[in-house]
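Contents: one structure, followed by commentary.
The values are calculated or read from the model by the stated rules, or taken from the named source; none is laboratory data. Treat the numbers as computed from the prediction; the structure is a model and nothing was measured. FYI the Cβ positions are ideal-geometry reconstructions off the backbone, even for glycines, and counts take in every protein chain you see. We work out accessible area using only protein heavy atoms, side chains counted, and drop any ligands, DNA or RNA first. Shrake-Rupley method; radii C 1.70, N 1.55, O 1.52, S 1.80 Å.
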Protein chains: 2
Amino acid sequence: VVLVDIGNTHFHIIKNDEIKHLREIVKFDDEVYYISVNEEKEKQLRKLNPGAFNLKDYVKFNTSYKGLGIDRIMACKSINNGVVVDAGSAITIDIMEDDVHLGGIIMPGINAFKEAYGKISKVLNLNPGEFEFLPNNTADALNAGSIGAIVCMIEKVRGKKKVYLTGGDGQFLLKFIKNAEFIEDLVFRGMKKTLKEMERL
Amino acid sequence: VVLVDIGNTHFHIIKNDEIKHLREIVKFDDEVYYISVNEEKEKQLRKLNPGAFNLKDYVKFNTSYKGLGIDRIMACKSINNGVVVDAGSAITIDIMEDDVHLGGIIMPGINAFKEAYGKISKVLNLNPGEFEFLPNNTADALNAGSIGAIVCMIEKVRGKKKVYLTGGDGQFLLKFIKNAEFIEDLVFRGMKKTLKEMERL
């Protein structure tokens with residue numbers, strides 16, 4: 001079995017507990033279960049893997065959020081209580097309480113912040129790293145205004161909840177957040193949970 | 001006398017207490033005093049107004065921040081105690097205490113957030129407006145992740161200080177921040193203060 005999480009930038013793949021992030025999709029000999037937030041990339045997957053099975057319509061998830069992305073649903077589905085942060089092209093911050101999704105926020109991802117600054121002025125060059133909240137130079141001022149803003153939002157909505165980080169920048173963000181854990185395969189855990197509920201796994 | 005504040009997007013001009021925001025600079029018959037954060041636009045100003053006087057090297061300002069933009073210096077110079085927020089192409093958040101600048105943060109401006117979201121995915125369409133911090137739809141989730149993030153940062157660093165807003169989106173942000181005031185000519189007030197100290201006004 002291969003699980004594929006189609007994002008806006010990458011195809012995230014897990015096979016035999018090994019995770020890969022591909023720019024281009026390949027043909028698999030195994031059964032393929034997938035979720036997708038990108039129509040174009042989904043077409044590419046289905047072209048090479050016509051039997052690929054979309055889990056979207058089979059997942060059970062309790063939320064009143066309209067139009068919640070399927071990747072967010074899967075990541076949240078694996079957490080009973082906590083704040084789920086998926087730090088990719090966008091950064092989503094979702095609140096789970098007793099297996100119910102209470103709401104969520106979408107911020108630009110770290111690279112999107114970098115590009116946004118660069119577009120405003122060539123002197124606004126973000127190099128993601130350590131910073132303080134009373135910066136005394138441009139490098140720190142940019143880190144506070146991006147990484148710091150992301151941390152600020154997480155802290156604002158978390159209450160006393162544990163934070164679960166995933167996505168390409170999840171490990172990087174971990175060092176800025178207390179009582180947090182990085183779980184690389186958080187989305188895949190939700191997909192596996194769904195397959196178990198479907199009695200396919 | 002004409003005062004010109006050259007930003008990354010506009011020439012901000014005050015003449016006879018009337019403020020204008022021009023995309024293209026014009027020739028003035030009056031004395032011109034200016035500041036600039038954009039070299040290219042500064043050249044355009046100086047080409048049409050060769051006698052224009054750059055205030056940059058004449059301003060007295062107490063800070064340990066290295067490379068603080070001259071527009072931020074001027075806006076902060078008019079406030080003795082408070083948080084100075086200039087919401088333009090970028091959003092700067094600076095802390096003033098007893099006429100000393102303690103530090104500052106740079107965030108993307110609201111339009112930069114909008115463009116950043118749009119670049120990530122066409123479904124992430126930011127329409128700046130009201131929101132809550134536990135959003136249950138994409139429109140609110142984007143507003144919380146941008147406007148909310150800006151407000152979150154301001155609240156985090158303000159302590160009990162009053163917030164002074166200026167810039168193109170300053171009036172818009174006013175409704176989200178308590179104990180705050182919008183001052184359209186904040187940068188110009190700093191330029192006038194500088195001219196008075198130079199005994200030119």
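Only helices enter the 222 nm calculation for the protein assembly as shown: every DSSP H run of n ≥ 4 contributes -39,500 (n - 2.57), and dividing by all residues gives -10000 deg cm²/dmol, rounded to 500.
On the basis of the beta-carbon distance and an R0 of 25 Å, B:Lys193 and B:Asp30 show a calculated FRET efficiency of 0.80. With loop membership from DSSP and a limit of 12 other Cβ atoms within 10 Å, the longest segment of chain B without trypsin sites (Lys or Arg not before Pro) is B:61-121. The portion of the accessible surface of the stretch A:45-177 made up by carbon and sulfur, rounded to a whole percent, is 50 (1.4 Å probe; DNA, RNA and ligands excluded). Within the same chain, aspartates and glutamates fewer than 8 places from A:Lys162 are excluded, and of the rest, those with a Cα less than 18 Å from its Cα are A:Asp86, A:Asp94, A:Glu97, A:Asp98, A:Asp99, A:Glu181, A:Glu184, A:Asp185. Placing a label point 7 Å from the Cα of A:Gly51 along the Cα-to-Cβ direction, the distances to the matching points in the other copies come to 8.4 nm, shortest first.
Long hydrophobic helices in chain B, taken as whole DSSP H segments with a C-alpha length of 24 Å or more on their own axis and mean Kyte-Doolittle hydropathy at least 0.0: B:138-158.
The distance linking the stretch A:84-162 with the stretch B:1-75 is 32 Å (Cα centroid to Cα centroid, whole angstrom). Note that the stretch A:17-120 presents 48 Å² accessible area per residue, ligands and nucleic acids not counted, probe 1.4 Å.
Sorted from nearest, the other copies put their A:Asn16 label points 8.1 nm away, the label point being 7 Å from Cα in the direction of Cβ. The relative contact order of chain A comes to 18 percent, based on Cα pairs under 8 Å that sit 6 or more residues apart.
Heavy-atom accessible area buried between chains A and B is around 3200 Å² (1.4 Å probe, both sides summed).
The stretch between A:Lys160 and A:Asn81, if pulled fully straight at 0.36 nm per residue, gains 27.4 nm over its current Cα-Cα span.
Which of A:Gly118, A:Gly190, A:Gly104 moves most in a GNM of chain A, Cα contacts under 10 Å? Taking springs between Cα atoms under 10 Å, the residue moving most is A:Gly118. Using a Gaussian network model of chain B in which every pair of alpha carbons under 10 angstrom is joined by a spring, one finds that among B:Asp185, B:Asp86, B:Asp29 the greatest mean-square fluctuation is at B:Asp29. Estimated from the Cβ-Cβ distance and a Förster radius of 35 angstrom, the FRET efficiency linking A:Asn62 and B:Lys175 is about 0.55. Across the copies of the chain, B:Ile183 has label points (7 Å from Cα along Cα→Cβ) spaced 5.0 nm apart, shortest distance listed first.
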